[in-house]
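Below: one structure, written as structure tokens.
The values are calculated or read from the model by the stated rules, or taken from the named source; none is laboratory data. Remember, it's a predicted structure, so these values are computed and weren't measured experimentally. Glycine also receives a Cβ, built like all others from the backbone with ideal geometry; neighbour counts cover every protein chain displayed. Accessible surface is based on the protein model in full, side chains and every heavy atom, while ligands, DNA and RNA are left aside. Shrake-Rupley method; radii C 1.70, N 1.55, O 1.52, S 1.80 Å.
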Amino acid sequence: MAAPGGDMQWCFSQVKGAIDDDVAEADIISTVEFNHTGELLATGDKGGRVVIFQQEIENKNLPQLRSEYNVYSTFQSHEPEFDYLKSLEIEEKINKIRWLPQKNAAQFLLSTNDKTIKLWKISERDKRPDGYNLKEDDGRCKDPNSITSLRVPVLIPMDLMVEASPRRVFANAHTYHINSVSVNSDHETYLSADDLRINLWHLEITDRSFNIVDIKPANMEELTEVITAAEFHPHQCNTFVYSSSKGIIRLCDMRESALCDRHTKLFEEPEDPSNRSFFSEIISSISDVKFSHSGRYMMTRDYLSVKIWDLNMENRPVETYQVHEYLRSKLCSLYENDCIFDKFECCWNGNDSVVMTGSYNNFFRMFDRSQRRDVMLEASRENSKPMQVLKPRKVCAGGKRKKDEISVDSLDFNKKILHTAWHPQDNIIAVATTNNLYIFQDKIN
């Protein structure tokens, strides 16, 4: 990647997870999220578990000695359930994790499966009370008549314990599968979106939510699109966007009306008739939408590209980046093996100058917006020596293949990077392959 000091090089830092080729379904990573400082990194998996890694700074005086992320806390967030009314199994898979800004010594995060959102408190304990008057050391109650003197209980040091406790459970508000959760900039409310509705919640109130978007038609046979992602604006607490399977992004203002069925702005790029095909509608479906940190732009990811939209210009994106254009000729086989329905996410770097998203064959791509340059890198065990620089990868779409290029026919579509995250302040990235979490950082000379 181009950086102010020439070309930035990325190097391997860590890989988490088992090496086995035989991957258990429950171990497949389904979401990755840094907290607001980047000190904590959370992953959720299909087994309903949340694993939190903490950054350990080795030496604060020598920042070039880079820090590592080590396991901080692991807990079971969701369990498999059964909806007896609809005779449906509810998976425990974690669809999204969102951190709340830190207000005290504890950390809070929201995690959701298809139906239920939970607010978790993650806190540390390194002291325990000792010297109770009415209890023995092993917890048994004393006979009050045997107490001859009173003592003041004291706190004594103990080994550090990290506890995760569920503080709120937000349930029974979604008929369809939840695909997005987004915390508002007022830090008091958040939204949750499923295929047809978006609900607004207060973090303290679990028994009711406000329905702010409902696109369900009276007759379900008239259904033409579904909601695929939704996010609050990072600074304006009244503004949010949601994307659809038709490739449309709608921006809504909650000040206008209680039910935001009428959008304030609609962002859509007219289709190029020369590219029209049987797959046009499927590949135009938006799988992720993310506001830039500045709040001026938003990024959308569809099957083949990443688009950057200026919130002041609705008729077309200001930037379009092709992620894997070489797959356009392979759409038929990608439709047959269902890969065409994969939902790739995207993320911004800390200052909005670079965007990143995943691809197949465990490739991921970064686009430098100012230099108009991009690089494709690979997350693999072969490149996992400490501080080993990642070599850029190239795919040959057809014709004569050069020495370092990979033929499009030899790409492995079972290896895919759907989830990526970028540290909010540093050039540290987290990339989830099937059941492994790779952490890369820029090379410090």
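Here are the numbers for this structure:
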| quantity | calculated |
| --- | --- |
| Test: A258 is farther than 18 Å from N184 by Cα, among the small types (G, A, S) and open to solvent by 50 Å² or more (accessible area, probe 1.4 Å) | no |
| Close pairs (7 angstrom Cβ cut-off, 6 or more residues apart or separate chains): under 12 Å from R49 (Cα atoms) and open to solvent by 50 Å² or more (accessible area, probe 1.4 Å) in region 18-36, in a loop (DSSP other than H, G, I, E, B) and polar (S, T, N, Q) anywhere | D27/N435 |
| Which listed residue is part of a strand (DSSP E or B) and either touching a residue at least 60 places away in the same chain (Cβ under 8 Å) or more than 19 Å from I308 (Cβ to Cβ) (or both), from E204, E231, E225 | E231 |
| Unmet requirement for V162, which otherwise passes all of (1) of a type in the set (A, V, I, L, M); (2) under 20 Å from the mean Cα position of the chain (by Cα); (3) over 19 Å from S245 (Cα atoms) | (2) |
| Meets criteria (over 25 Å from F344 (Cβ atoms) and free of Cβ contacts under 8 Å to residues at least 24 places away in the same chain) for N238 | yes |
| Options R393, R373, R401: the member that is open to solvent by 80 Å² or more (accessible area, probe 1.4 Å), closer than 27 Å to K290 by Cβ and either over 22 Å from the mean Cα position of the chain (by Cα) or hydroxyl-bearing (S, T, Y) (or both) | R373 |
| Candidate set from region 326-347 (those that are among the charged types (D, E, K, R) and in contact (Cβ under 8 Å) with a residue 24 or more places away in the chain); member that is farthest from E231 (Cα to Cα) | K330 |
| Of all residues making up region 82-115, the number that are open to solvent by 80 Å² or more (accessible area, probe 1.4 Å) and of a type in the set (A, V, I, L, M, F, W, C) | 4 |
| Spans of strands (runs of 3 or more DSSP E) in region 78-189 with at least 1 residues more than 30 Å from P234 (Cβ to Cβ) | 81-83, 88-90, 117-130, 154-170 |
| Which numbered condition S165 fails, given (1) of a type in the set (G, A, S); (2) open to solvent by 50 Å² or more (accessible area, probe 1.4 Å); (3) in contact with a strand residue (DSSP E or B) (Cβ under 7 Å, 6 or more places away or on another chain) | (2) |
| Hey, F291 touching a Pro at 6+ places or on another chain (Cβ under 8 Å) and either buried (at least 17 other Cβ atoms within 10 Å of the Cβ) or free of Cβ contacts under 8 Å to residues at least 12 places away in the same chain (or both) or not | yes |
| Members of region 404-415 found to be over 16 Å from L331 (Cα atoms) and surrounded by 13 or more Cβ atoms within 10 Å (Cβ to Cβ), listed by number | E405, I406, K415 |
| Complete set of residues in region 294-319 that are exposed (fewer than 15 other Cβ atoms within 10 Å of the Cβ) and either under 18 Å from F413 (Cβ atoms) or among the hydroxyl-bearing types (S, T, Y) (or both) | S294 |
| Condition broken by L223, with the remaining ones in (1) over 22 Å from D186 (Cα atoms); (2) exposed (fewer than 14 other Cβ atoms within 10 Å of the Cβ); (3) at pLDDT 95 or above satisfied | (3) |
| F367 being within 25 Å of A229 (Cβ to Cβ), surrounded by 14 or more Cβ atoms within 10 Å (Cβ to Cβ), modelled with pLDDT of 95 or more and over 18 Å from the mean Cα position of the chain (by Cα) | yes |
